[in-house]
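Right, one structure below, let's go through it.
The values are calculated or read from the model by the stated rules, or taken from the named source; none is laboratory data. Predicted model, so just to flag it, every value in this text is computed and none were measured. Backbone-built Cβ (ideal geometry, glycine too); neighbour counts: all protein chains shown.
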Amino acid sequence: MNEQKRSTENPELALAWRFVSDTGTHLFLTGKAGTGKTTFLKRLKSESPKRMIVLAPTGIAAINAGGVTIHSFFQLPFAPFLPGASFTAGGSAPSFRYRFGKEKINILRSIDLLVIDEISMVRADLLDAVDEVMRRYRDRTKPFGGVQLLMIGDLQQLAPVVKDEEWQMLKTHYATPYFFSSKALEETTYCTIELKTVYRQSDSDFLNLLNSIRENRAGSEVMETLNRRYVPGFRPARDDGYIRLVTHNAQAQRINDHELEVLPGRSFAYRASIEGKFPELAYPTDLLLELKPGAQVMFVKNDTSGEHRYYNGMIGEVTALSSQSIEVRPQGSPSAISVQQEEWSNARYVLDEESKEIREEVEGTFRQYPLKLAWAITIHKSQGLTFDKAIIDASGSFAHGQTYVALSRCRTLQGLVLSAPLSSRAIISDAQVDAFTDEARQTMPDNRRLSSLARSYYVQLLDELFDFSSPAIALSRYVRLVDEHLFRLYPKLLQSMKSESAHFADEVIKVARKFSLQYTRLVEASADYQADTHLQERISAAAAYFTPRLQPLQTLLQEGCPGTDNKELKKKLHEAADELQHQLALKLALLKFVQHEGFQTASYLKKKALLSIDDAPSTPSPAKRKKKEAAITVPSDVLHPRLYQRLIAWRNAEAARLGLPVYTVLQQKAVLGISNLRPADKAALLRIPYVGQKVVEKYGDDILATVRSCP
């Protein structure tokens with residue numbers, strides 16, 4: 001059954017989809033093994049309008065989820081993160097030194113959704129380290145910088161790895177090592193949705209047995225039923241296709257090596273080819289794959305040919321080998337298939353310079369036959385896989401959820417054989433996990449709760465749009481610097497700045513506060529607020545009101561920073577002016593967009609994400625403008641109207657093609673300078689104020705061709 005069909009037939013999946021799409025509230029999406037968590041994530045990646053990144057705690061989990069590891073994306077060390085610790089700690093404290101480039105910062109600032117798969121394996125301190133980074137580059141006042149968090153996983157499966165000496169440091173800060181003990185997460189109000197329909201097993205008796213083990217209520221009757229599957233000395237026929245699940249890597253390696261050694265015939269070795277960066281911990285199969293005819297193997301990837309000949313976790317037997325080919329007969333199939341090499345990618349997230357969309361860029365590839373010896377694998381590596389026949393050695397289980405993971409890999413009870421009897425000691429359950437799970441079920445939202453959260457999210461986005469506190473703070477800092485240090489040199493400028501500040505407070509800040517009461521009331525009263533004509537008219541009218549009242553501040557900035565010989569003061573002035581310019585440009589672009597396009601959640605989020613990136617919208621800083629203006633002077637009147645109109649028409653068409661504000665292609669003053677000075681080459685073009693290197697590189701040929709075509 002495909003995921004889209006599942007969503008329409010499964011109320012929990014449909015609820016989860018609407019929750020992620022229509023609200024900004026954090027979500028823990030959980031469920032038993034085989035309930036469709038992974039396929040939900042795949043659909044989310046391909047269809048959601050929200051800009052997202054997908055992370056996982058381990059390399060294998062990240063490759064399977066189509067994302068990257070938490071540590072690599074955030075450049076975090078593997079040392080414990082202690083609440084309150086600095087990321088630049090020195091001395092004997094754990095070092096959290098890292099340096100993000102502009103592209104990584106832009107990604108962090110522009111995403112709407114942060115997805116963490118296999119959240120059960122994420123430690124509380126690691127989630128707090130993520131929070132620390134997100135706050136630094138987004139909103140310091142909000143957990144995770146204000147981005148929505150989607151956590152996917154099953155706490156009854158694999159637990160976080162924490163060494164004894166690490167826990168000695170962490171236990172004074174955290175009640176448990178699990179993600180739900182994160183200090184940042186505890187600051188939030190997040191919801192839990194539990195998927196209940198199991199697609200892996202269809203036998204209701206077996207499902208009940210698995211649930212009793214998962215929920216730590218397996219009584220004597222359940223254990224007796226389970227132990228009937230114990231078969232002493234069970235040795236299946238070679239072509240039966242059983243796989244053995246064991247607790248330790250050494251066990252699996254020993255079994256596979258022995259079974260391969262006793263097989264007759266010549267062995268063949270196939271070395272993987274690796275290009276670029278591909279960490280060893282993320283190898284999906286052996287770097288050097290050794291096989292013999294008759295070897296039992298497991299496919300470790302779905303068939304990418306489109307023929308659906310094999311899938312991840314399918315068992316088969318090697319029937320023929322050569323140095324250039326491998327043939328495998330899948331379990332239950334009368335005929336063998338020729339196996340070709342497959343490719344796995346190690347990707348990183350980058351920003352597309354043209355579209356400003358987040359995309360995955362391949363850093364390295366791993367090419368190998370999608371097979372591994374499979375007489376035995378560890379329970380840990382079996383997570384996410386499904387088997388028809390398995391021999392389970394779980395009597396030595398040593399971790400929470402290990403036995404449940406092993407048993408739940410099987411489709412049926414009849415396909416399961418125990419190599420040793422199971423006692424209640426092998427079914428390890430963490431009381432803290434059980435307590436959290438019971439409490440989390442109480443937070444599962446219904447449709448009424450979802451509607452309330454979606455409505456609140458809509459108001460939250462409106463609050464964000466009509467919140468002018470950021471430019472107000474930047475303006476206050478700029479005026480204060482002039483008032484404290486330059487009031488004697490620039491009394492008229494200071495008077496003008498204070499006058500504009502007063503107008504801004506009266507005509508923008510106060511009016512915005514009153515308007516917030518109005519739109520909140522309208523949203524609350526409307527049955528369908530996103531389609532409410534009156535509400536949309538009021539939002540558009542408000543955007544039209546505020547836009548011209550921000551323009552005087554931009555005009556003030558265009559005059560440049562007041563001069564001073566104090567280098568430190570000059571630096572602070574330019575920083576304050578640049579910050580105010582950035583805040584104004586972002587706010588004006590969003591207001592103009594909403595004025596003309598209306599206010600819909602999906603389109604607003606996309607526009608905001610594009611504009612949140614540093615160079616979109618981009619305007620030269622006052623410092624750079626002053627330097628360029630010293631090089632050349634542009635007449636203020638339009639000297640060549642025909643050329644001016646042609647340049648405007650070209651700029652507007654290019655902006656429409658890209659779906660961006662016109663000033664991000666070429667500013668009005670740049671158009672005036674080009675039309676008046678008629679540059680003959682790129683060097684002359686670059687000397688014109690408001691024309692930067694990027695403009696010349698991207699549009700220089702088009703601009704010069706337009707100049708030459710207009711005598």
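Of all the listed residues (269, 175), the sole one being modelled with pLDDT of 90 or more, out of contact with any Phe, Trp or Tyr (no Cβ under 8 Å at 6 or more places or on another chain), in the same structural domain as residue 154 (by TED's automatic domain parsing) and not basic (Lys, Arg) is 175.
Provide a single number: the residues in region 271-302 that are among the hydroxyl-bearing types (Ser, Thr, Tyr) and closer than 23 Å to residue 315 by Cα.
The total comes to 2.
From the set of residues in region 355-387 that are in contact with a Gly (Cβ under 7 Å, 6 or more places away or on another chain) and surrounded by 17 or more Cβ atoms within 10 Å (Cβ to Cβ), which is modelled with the highest pLDDT? Only one residue fits best here, namely 365. When region 76-124 is limited to residues that are of a type in the set (D, E, K, R) and surrounded by 14 or more Cβ atoms within 10 Å (Cβ to Cβ), the one that is modelled with the lowest pLDDT turns out to be 103. Of the residues that sit in region 33-61 and are among the aliphatic types (A, V, I, L, M) and out of contact with any Asp or Glu (no Cβ under 8 Å at 6 or more places or on another chain), which one is farthest from residue 406 (Cα to Cα)? Only one residue tops the list, namely 53.
Looking across region 388-402, the residues that are modelled with pLDDT of 85 or more and either buried (at least 24 other Cβ atoms within 10 Å of the Cβ) or assigned to a loop (DSSP other than H, G, I, E, B) (or both) come down to 388, 389, 390, 392, 393.
Yes/no per residue for (1) among the small types (Gly, Ala, Ser); (2) touching a Leu at 6+ places or on another chain (Cβ under 7 Å); (3) farther than 18 Å from residue 391 by Cβ; (4) not assigned by TED's automatic domain parsing to the domain that holds residue 255:
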| site | (1), (2), (3), (4) |
| --- | --- |
| 182 | yes, yes, yes, yes |
| 187 | no, no, yes, yes |
| 191 | no, yes, yes, yes |
| 216 | no, no, yes, no |
| 229 | no, yes, no, no |
| 235 | no, no, no, no |
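Within region 135-161, the set of residues being part of a loop (DSSP other than H, G, I, E, B) and buried (at least 20 other Cβ atoms within 10 Å of the Cβ) comprises 147, 153, 154, 155, 156, 157, 158, 159. Looking only at residues of region 236-293 that are of a type in the set (Val, Ile, Thr) and closer than 21 Å to residue 69 by Cβ, we find that the one that is surrounded by the most Cβ atoms within 10 Å (Cβ to Cβ) is 285. Scanning for something farther than 27 Å from residue 593 by Cβ, assigned to a loop (DSSP other than H, G, I, E, B), modelled with pLDDT under 85 and in contact with a Ser or Thr (Cβ under 7 Å, 6 or more places away or on another chain), does region 624-633 turn up at least one residue? The answer is no, given that none of the residues of region 624-633 is farther than 27 Å from residue 593 by Cβ, assigned to a loop (DSSP other than H, G, I, E, B), modelled with pLDDT under 85 and in contact with a Ser or Thr (Cβ under 7 Å, 6 or more places away or on another chain). The single condition among (1) part of a helix (DSSP H, G or I); (2) surrounded by 12 or more Cβ atoms within 10 Å (Cβ to Cβ); (3) not aromatic (Phe, Trp, Tyr) that residue 548 does not satisfy is (2).
Figure legend. Inter-residue proximity from region 353-382: first residues within 30 Å of residue 609 (Cα to Cα) and part of a loop (DSSP other than H, G, I, E, B), second residues among the basic types (Lys, Arg) and modelled with pLDDT of 80 or more, beta-carbon distance below 9 Å, spacing 6+ or different chains. Indicated pairs: 357/51.
Yes or no, residue by residue, for (1) of a type in the set (A, V, I, L, M); (2) at pLDDT 90 or above; (3) not in a loop (DSSP other than H, G, I, E, B):
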| residue | (1), (2), (3) |
| --- | --- |
| 286 | no, yes, no |
| 290 | no, yes, yes |
| 297 | yes, yes, yes |
| 305 | no, no, no |
| 317 | no, yes, yes |
| 329 | no, yes, yes |
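Considered as a group, the residues in region 67-78 that are in contact (Cβ under 8 Å) with a residue 40 or more places away in the chain and part of a loop (DSSP other than H, G, I, E, B) include one that is nearest to residue 168 (Cα to Cα), and that residue is 76. Residues in region 218-246 that are closer than 20 Å to residue 263 by Cβ and in a helix (DSSP H, G or I): 238, 239, 240.
Being farther than 15 Å from residue 709 by Cβ, at pLDDT 85 or above, in a helix (DSSP H, G or I) and of a type outside the set (A, V, I, L, M), is that true of even one residue in region 666-688? Scanning region 666-688, I find at least one residue that is farther than 15 Å from residue 709 by Cβ, at pLDDT 85 or above, in a helix (DSSP H, G or I) and of a type outside the set (A, V, I, L, M), so the answer is yes.
Residue 658: surrounded by 20 or more Cβ atoms within 10 Å (Cβ to Cβ) and either at pLDDT 70 or above or among the small types (Gly, Ala, Ser) (or both), yes or no? It is false that residue 658 is surrounded by 20 or more Cβ atoms within 10 Å (Cβ to Cβ) and either at pLDDT 70 or above or among the small types (Gly, Ala, Ser) (or both).
Filter region 180-201 down to residues that are without any contact (Cβ under 8 Å) to a residue 60 or more places away in the chain and assigned to a loop (DSSP other than H, G, I, E, B) and give me whichever is surrounded by the fewest Cβ atoms within 10 Å (Cβ to Cβ). Step through it out loud before you land on a result.
We begin by selecting, within region 180-201, every residue without any contact (Cβ under 8 Å) to a residue 60 or more places away in the chain; these are 181-182, 184, 186-187.
With assigned to a loop (DSSP other than H, G, I, E, B) added as a condition, the list becomes 182, 187.
Details: 182: 24, 187: 11.
Only one residue fits best here, namely 187.
For the condition touching a Pro at 6+ places or on another chain (Cβ under 7 Å) and of a type in the set (Gly, Ala, Ser), what is the one hit in 265, 276, 294? None of the other options fit; the residue is 265.
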